[in-house]
1. So for the chain, taking the charge dipole from beta-carbon charges (+1 Lys/Arg, -1 Asp/Glu), which of H390, T183, N146 sits furthest toward the positive end?
2. Using a Förster radius of 22 Å, what is the FRET efficiency between N234 and A214 based on their Cβ-Cβ separation? Nearest 0.05, please.
3. What is the magnitude of the charge dipole of the chain about its Cα centre, with +1 placed on the Cβ of each Lys and Arg, -1 on the Cβ of each Asp and Glu, and no other charges, expressed in debye to the nearest 20?
4. Could you rank the peptides 389-396, 335-342 by their average count of other C-beta atoms within 10 Å per residue, with the highest value first?
5. Under the rule of at least 5 residues apart or a separate chain, name every residue whose amide H is placed under 5 Å from the amide H of F108.
6. Ratio of alpha-carbon Rg to the 2.2 N^0.38 Å globular estimate for region 1-105, to two decimals, please.
7. Could you give each residue of region 243-252 its phi-based ³J(HN,Hα) in whole Hz, using Karplus coefficients 6.51, -1.76, 1.60 with θ = phi - 60°, and x for Gly or Pro?
8. Compute the Kirkwood hydrodynamic radius of the chain, taking the inverse of the mean of 1/r over all pairs of distinct Cα atoms, and give it in Å to one decimal.
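Please treat every number below as a calculation from the coordinates, not as lab data. What you see is a predicted model, and the numbers here were worked out from it, not measured in a lab. In this analysis, Cβ positions are derived from the backbone assuming ideal geometry, glycine residues included, and neighbour counts consider all displayed protein chains.
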Amino acid sequence: MDRIYQKQIEEYLVDYKKMVFISGPRQVGKTTISKGAIKGIFNNIYLNWDYADDRLKILDNHHTLFENLLLIKSDHKPRVVLDEVHKYKDWKNLIKGFYDKFGNDIEFIITGSAKLNIFKKGGDSLMGRYINITVHPLSVSEIANNFNNLNDQCIKAPKNITRVEFETLLNFGGFAEPYLKSTIKFHRIWSRQRFEQLFREDVRNIEDINNIYALELLATIINQQAGMMTSYTNLANKVRVSDQTIRRWVSLLEKHYYCFCIRPWSKNVVRSLIKEPKYYLWDWSQIKNDGERFENLVASHLLKAVYFWNETGLGNFSLHYLRDKQKREVDFIVIKDNKPWILIETKVSDISISQSLRYFSELIKPEYAFQLVQNQPAINKSCFDQEGLHIIPAITFLSQLV
């Protein structure tokens, strides 16, 4: 299956001459994408940190490998993929050395199942040497192969998928293997193994966690209350650890792409940051409730769009929700260049306008305000043809994102 990221990888490597960092959840497709980026290039090397032989090559034999690559005559620069190298404790300095020594002559792709752009200590900063691409689960647009004009505009013309494809995406999630197999039995096996690998391998091998079972309990609680406002104190009481520990662990779960955070928006940014956030799962298929799963699917699509628009230089975007002291609430708001752009409320089947959506639409006057309906049939015209407040089918709206 084609993904939207290949064109960006080529542009960043060839035109900008930067290392490309490919990060994202375990099993989201990073290795497949990185191998696709070296396909057809004769002088390439793929090395995976998880394999002992490759690990030794990266640490002890990299100079000889890279020098030998440069001896191969080719019209294309050599290209090197270092997969999961972030599991090495001093990976940042290692990669910095590779780039400083060979960056003019070799194109580097670095992948990782933890966020690779979390390094702020001045001594080992890679700033200026890389561009980051975050790989997200499959979306309606990718399934529809709606890739036209990705670099030119944020919103594309609609290209609908079938109702069966949409329901499969909703129920089995956007990770390629369970989506493509789309059987309940395989999804259960895959989900259990992925959860165990995430916590028993990825987190345990990289992070300093003494009580992995308490962390798993926290993850389970976040699953059960996905899309709800989160109190760190309440989480601390349930898990029986300190408030400070909960904050550190939730940040760790975000780092390893188990969940992501959406904070409330207001014009006073400081105020918005101290209000209760909401957490959603990268794998929405794990949510039992139908309406909550649909809301999480929409949150994931919006997050993917915001990441992509930011990473490809289309503007400055952020994703939030709205709630006031009277408890009027709208599920999502997309901010574009510091101004309200799109308000979104999600409904499974209700086609009566949400009063909160109407209220906030009149109050902050975004360019667009949509009530997305899961069960509404797709339409063959753009949801963005008219400004203002509209009820629209989710399947068409999501096809116009990335």
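1. Working it through, the farthest residue towards the positive pole turns out to be H390.
2. Values: r = 15 Å, r/R0 = 0.69.
Once the sixth-power term is evaluated, E becomes 0.90.
3. Numbers: 55 positive and 46 negative charges, 152 e Å.
For this selection, approximately 720 debye.
4. Values: 389-396: 20.9, 335-342: 15.6.
Peptide ranking by packing, descending: 389-396, 335-342.
5. V20, V80
6. Numbers: Rg = 13.5 Å, N = 105, 2.2 N^0.38 = 12.9 Å.
Normalised Cα radius of gyration, region 1-105: 1.05.
7. Rounded to whole hertz, the list is 4, 5, 5, 4, 4, 5, 5, 4, 4, 5.
8. Details: mean 1/r = 0.0445 Å⁻¹.
Kirkwood hydrodynamic radius for the chain: 22.5 Å.
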